[in-house]
Amino acid sequence: MAFFHMILSWGLHAVVFLLFVLFIVFLGYCLYIKYTHLKYDHIPGPPRDSFLFGHAYTVRMILQRDETPHDTFLKWAEIYGPVYRLNFAHIVRINVTCPEATKEILMSLKYTKDKFFHNKLFSMFGQRFLGNSLGTAMDNDHWYKQRRIMDPAFSGLYLKGLMGTFNEVAEKLMNKLSEVSDNKTEVSMLHLFSCVTMDVIAKVAFGVDLNLLQNTSPFPRAVETCLKGTVCNMRFMFFQFNPKNRPFIREVREACRLLRTSGAQWINDRRAAMQNGDDVPKDILTQIIKAAGEEQSMTPEDEECMVDNFVGFFIAGQETTANLLAFCLMELARHPDILEKVKKEVDDVIGMKQDISYDNLGNLVYLSQVLKETLRLYPTAPGTSRHLPEDLVIDGIKIPAGVTCMLNPYVTGRMDRFFKDPLTFDPDRFHPDAPKPYYCYFPFSLGPRSCLGQNFAQMEAKVVMAKLLQRFDFNLLPGQTFEIRDTGTLRPRSGVMCYMNHRDLYK
């Protein structure tokens with residue numbers, strides 16, 4: 001009995017000691033949070049929801065209501081000014097809408113990608129995802145080496161040679177829309193655009209014919225799952241520790257593995273074919289492998305980075321362009337005067353031709369303005385971030401080093417400080433003679449780390465939209481919403497449900 005009491009006493013002492021240690025750790029953590037408050041609270045910002053979690057509750061409620069947080073960020077920018085602070089426990093984020101600061105931060109390689117976002121995108125739930133791709137690499141030397149390998153595949157001369165494929169895949173969409181028109185059925189244009197843009201990126205980048213308008217494939221679901229996983233991994237701190245989420249987490253891991261193993265297989269097959277002297281497509285993958293072969297040293301990590309970039313291009317090259325096309329069609333359907341003007345330009349430039357030439361794209365000036373205005377209101381990739389390695393003064397406010405600056409083209413694009421009547425869809429803002437927006441319009445980011453594929457995306461969007469406007473009239477299904485859904489990228493919540501009709505020109 002004495003021995004039992006001794007063991008019980010030891011146990012109670014151990015519990016008391018453990019509770020004391022936990023209390024000391026918690027107290028230390030609270031003191032650290034207080035330190036961050038003292039360090040950054042001179043920066044304006046909305047009141048915190050709580051001492052411990054800062055603004056996390058507000059953001060969490062927005063996400064649980066399936067609303068876009070960017071509208072709240074816009075409201076806060078208008079209330080608190082061009083630089084304001086958000087707290088998430090011990091983490092501080094600085095949201096910036098000051099054009100001068102945007103120029104300073106994005107145009108210099110001194111400000112690297114943020115470690116938090118890098119880690120969240122490097123892998124998801126233990127499975128490598130984007131790794132050290134162009135979009136996530138923090139080390140400038142590593143980034144520059146990858147960019148040097150990729151650049152030749154996105155040169156203007158090379159992209160000009162892709163016009164045949166752009167036309168070929170877009171023509172398949174026209175055939176599908178012709179069936180929809182003949183059958184007088186409604187259709188989700190977001191879904192069809194997603195099929196087309198994935199077909200394009202698979203064909204012109206990797207020489208693979210998916211033909212998703214006719215065939216089924218596991219890739220669309222894998223991309224969708226990865227995007228959902230990215231949102232959950234970034235925005236919900238303890239998502240992976242909830243047992244209810246385990247089936248979805250397994251699905252995300254499997255989707256990542258599918259994309260990466262497919263990419264590795266396509267790369268290895270192409271490299272083997274090139275080494276054997278076989279005829280290979282003159283696509284982006286061939287260009288990348290050739291450029292990589294010219295590097296003096298290629299490490300195993302560099303080889304893994306080729307797969308990282310495959311996944312990045314496969315997702316970004318499909319998702320964002322499809323969303324841009326869907327938003328553009330939605331706005332044109334709501335503005336018949338703008339629609340008639342852009343149709344007239346397409347008729348004047350292209351006429352009855354089936355194939356659109358590279359020179360035609362340069363003459364579709366008003367269509368370019370329409371697409372740019374679409375990206376102002378609906379930047380499909382709504383934000384980027386940079387780490388501040390040293391103190392920076394923004395709009396007279398000193399920002400101590402060590403924080404992340406968030407730069408959001410959705411917010412700046414909708415501020416009347418930069419655009420008159422910002423919620424009005426007006427392509428004339430981007431007329432060639434109009435003043436150029438000063439570092440407040442950056443849907444593809446800015447500076448050396450801007451999107452490598454932006455010219456590719458704009459060429460593709462022009463070809464698809466021009467062919468559609470050339471041949472079809474369309475009407476939105478009544479009653480659908482024009483709200484935005486934030487799935488990591490921005491997309492139309494309704495899917496842009498339309499009825500399609502052949503233009504009288506083609507009857």
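The values are calculated or read from the model by the stated rules, or taken from the named source; none is laboratory data. For clarity, every value in this text was computed on a predicted model and none was experimentally measured. Note that we place each Cβ from the backbone using ideal geometry, even for glycine, and neighbour counts take in every protein chain shown.
Quick notes
- Scanning the stretch 406-421 for residues that are within 22 Å of the chain's Cα centre (by Cα) and farther than 16 Å from A381 by Cα yields a total of 1.
- Residue within the stretch 274-289 that is part of a helix (DSSP H, G or I), in contact with an Asp or Glu (Cβ under 9 Å, 6 or more places away or on another chain) and either closer than 27 Å to S155 by Cα or touching a residue at least 40 places away in the same chain (Cβ under 8 Å) (or both) present: no
- Filtered residue count, the stretch 449-458, keeping only those that are crowded, with 20+ Cβ neighbours inside 10 Å and either in contact with a helix residue (DSSP H, G or I) (Cβ under 7 Å, 6 or more places away or on another chain) or among the hydrophobic types (A, V, I, L, M, F, W, C) (or both): 5
- Enumeration of residues in the stretch 106-138 that are touching a Cys at 6+ places or on another chain (Cβ under 8 Å) and under 30 Å from S50 (Cβ atoms): M124
- Residue in the stretch 72-85 that is touching a residue at least 24 places away in the same chain (Cβ under 8 Å), under 21 Å from N233 (Cβ atoms), of a type outside the set (S, T, N, Q) and part of a helix (DSSP H, G or I) present: yes
- Which listed residue is more than 30 Å from L227 (Cβ to Cβ) and either modelled with pLDDT of 85 or more or assigned to a helix (DSSP H, G or I) (or both), from D269, D302, D348, D308: D348
- Considering only residues in the stretch 29-66 that are touching a helix residue (DSSP H, G or I) at 6+ places or on another chain (Cβ under 8 Å) and among the hydrophobic types (A, V, I, L, M, F, W, C), the one that is modelled with the lowest pLDDT turns out to be L63.
- Residue that is nearest to K398 (Cα to Cα) [pool: residues in the stretch 86-104 that are part of a helix (DSSP H, G or I) and under 21 Å from the mean Cα position of the chain (by Cα)]: T102
- Residue in the stretch 488-507 that is farthest from L325 (Cα to Cα), counting only those that are surrounded by fewer than 20 Cβ atoms within 10 Å (Cβ to Cβ) and over 26 Å from the mean Cα position of the chain (by Cα): K507
- Residues of the stretch 482-507 that are β-branched (V, I, T) and assigned to a strand (DSSP E or B): I484 alone.
- In the stretch 475-487, the qualifying residues are those that are closer than 16 Å to A322 by Cα and surrounded by fewer than 19 Cβ atoms within 10 Å (Cβ to Cβ), and the one that is modelled with the lowest pLDDT is T487.
- Wholly enclosed strands (runs of 3 or more DSSP E) of the stretch 394-481 bearing at least 2 residues within 23 Å of F116 (Cα to Cα): 397-399, 404-407
- Residue check for P389: out of contact with any Leu (no Cβ under 6 Å at 6 or more places or on another chain) and not in a helix (DSSP H, G or I): yes
- With respect to the conditions (1) out of contact with any Phe, Trp or Tyr (no Cβ under 9 Å at 6 or more places or on another chain); (2) in contact (Cβ under 8 Å) with a residue 60 or more places away in the chain; (3) assigned to a helix (DSSP H, G or I), Q354 falls short on a single one, namely (3).
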